[in-house]
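Accompanying notes for the structure given below.
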Amino acid sequence: MAIQRGRFITVEGGEGAGKSTHLSTMVDYLRAEGIDVISTREPGGTGVAEAIRELLLARRDESLDPLTELLLVFAARAQHVARVIRPALAVGRWVVCDRFTDASYAYQAAGRQMGPHPVTLLAGLVHPDLKPDLTLYLDVPTAQGLARARSRGRPDRFEEETDPFFDRVRQGYLDLAAAEPDRMKTVNAAGDLEYVRNKVLAALDVFLAQYRQGRA
Ligand code: Z5A
């Protein structure tokens, strides 16, 4: 009998939206439902991709050109897709990933004002036939998310950006969610942890039900 391809779920959001927090809850929930699942993140997820992540997040005197930033993001993604995501999906495992290409549309196309074209071009090269089956976008107002993220200590290179940058990122995500409402579900992440957790698991439940009915 042919092995059924695993499902690819991504979690997106601006700074301090709670992605990492809720991603681990999602993985525990899926395991309890009998799903064989791995969790991973971008940029990163392999040794080489994690090294590229360090390059992307480190603060240094030389500023990173937006195109360099975009190419580094996709270099990490190429390695991650080839070594982790595709092999897992191919043997029927589910993959839950903290950020994927929607983040490039939000941060590079919208935030850095590069426009969608270079992102679409690179996505076509790196993962032409791979798209998340479900994306949960955790939406939180910029100031609230930044306050959460910055309370953790020294900001990384992205967290040093200005509020208008993060407002563009948020608008970028909202536009993506509006364009693909079947795939990308917006969760109000401004409430307390329990509130957001319940919303996240409710969205996951809907997907699981569709999957079990052969509709996802
Ligand atoms: N990047 C990019 O530019 N292009 C790309 O294509 C990709 C990425 C893939 C690293 O990503 C950077 O890479 C990212 C964009 C860029 N920019 N930055 N910085 P990352 O996902 O690893 O980093 P992050 O966005 O900074 O993650 P984060 O700040 O850790 O956010 P989070 O995972 O969404 O939040 P969290 O760690 O779960 O929670 C943060 C804190 O808030 C923590 O203390 C929680 O306990 C607290 N929290 C969370 N939710 C709540 C609620 N509901 N109430 C109260 N407190 C809460």
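The values are calculated or read from the model by the stated rules, or taken from the named source; none is laboratory data. As the structure is a computational prediction, the values presented were derived from the model and not from experiment. Every residue, glycine among them, receives a Cβ derived from its backbone with ideal geometry; neighbour counts consider all protein chains shown. Protein only, heavy atoms only, side chains kept; ligands, DNA and RNA dropped before computing areas. Shrake-Rupley method; radii C 1.70, N 1.55, O 1.52, S 1.80 Å.
One compactness figure for the chain is 0.99, namely its Cα radius of gyration divided by 2.2 N^0.38 Å. Ligands, DNA and RNA aside, residue 48 has an accessible area near 80 Å² when probed at 1.4 Å. Could you let me know the centre-to-centre spacing of region 72-89 and region 136-206, using Cα atoms, in angstrom? Measuring centre to centre over Cα atoms gives 24 Å.
Principal axis analysis of the Cα atoms in region 77-131 yields extents of 38, 21, 16 Å, listed in decreasing size. Among 158, 100, 74, which one shows the highest mean-square fluctuation when the chain is modelled as a Gaussian network with alpha-carbon springs under 10 Å? Highest fluctuation of the listed residues: 158. Taking N as the number of residues in region 23-97, what is its alpha-carbon radius of gyration divided by 2.2 N^0.38 Å? Dividing the Cα radius of gyration by 2.2 N^0.38 Å gives 1.31. Given R0 = 35 Å, the distance between the Cβ atoms of residue 60 and residue 143 translates into a calculated FRET efficiency of 0.80.
Enumerate the residues in region 198-216 having an amide nitrogen under 19 Å from the point lying 7 Å beyond the Cα of residue 2 toward its Cβ. Output list for this probe position: 211-216.
Label positions at residue 213 and residue 152, each projected 7 Å from the Cα along the C-beta direction, are separated by 3.7 nm.
Using C-alpha pairs below 8 Å separated by at least 6 residues, the relative contact order for the chain is 31 percent.
So if R0 is 25 Å, what FRET efficiency would residue 178 and residue 113 give, r being the distance between their Cβ atoms, rounded to the nearest 0.05?
Using R0 = 25 Å, I get an efficiency of 0.80.
Once the chain from residue 68 to residue 90 is taken as fully extended at 0.36 nm per residue, the excess over their C-alpha distance is 4.8 nm.
Helices in the chain, meaning DSSP H runs of at least 4 residues, each add -39500 (n - 2.57). Divided by all residues, the mean residue ellipticity at 222 nm is -14500 deg cm²/dmol. About the centre of its Cα atoms, the chain shows a dipole size close to 560 debye [charges on the beta carbon of Lys, Arg (+1) and Asp, Glu (-1) only; nearest 20 debye]. Charges on Cβ only, +1 for Lys and Arg, -1 for Asp and Glu, centred on the Cα centroid of region 13-160; of 135, 101, 26, which one is farthest towards the dipole's positive end? Toward the positive end, the furthest listed residue is 26. In region 154-216, the alpha-carbon atoms span a convex hull of 120 Å³ per residue. Taken along its three principal axes, the alpha carbon spread of region 1-126 comes to 51, 31, 26 Å, from the longest extent down to the shortest. Considering only 205, 163, 129, the mean-square fluctuation computed in a Gaussian network model of the chain, springs between alpha carbons under 10 angstrom, is largest for 129. Taking the inverse of the average 1/r across all pairs of different Cα atoms in region 85-205, what Kirkwood radius in Å do you get? For region 85-205, the Kirkwood estimate is 15.9 Å.
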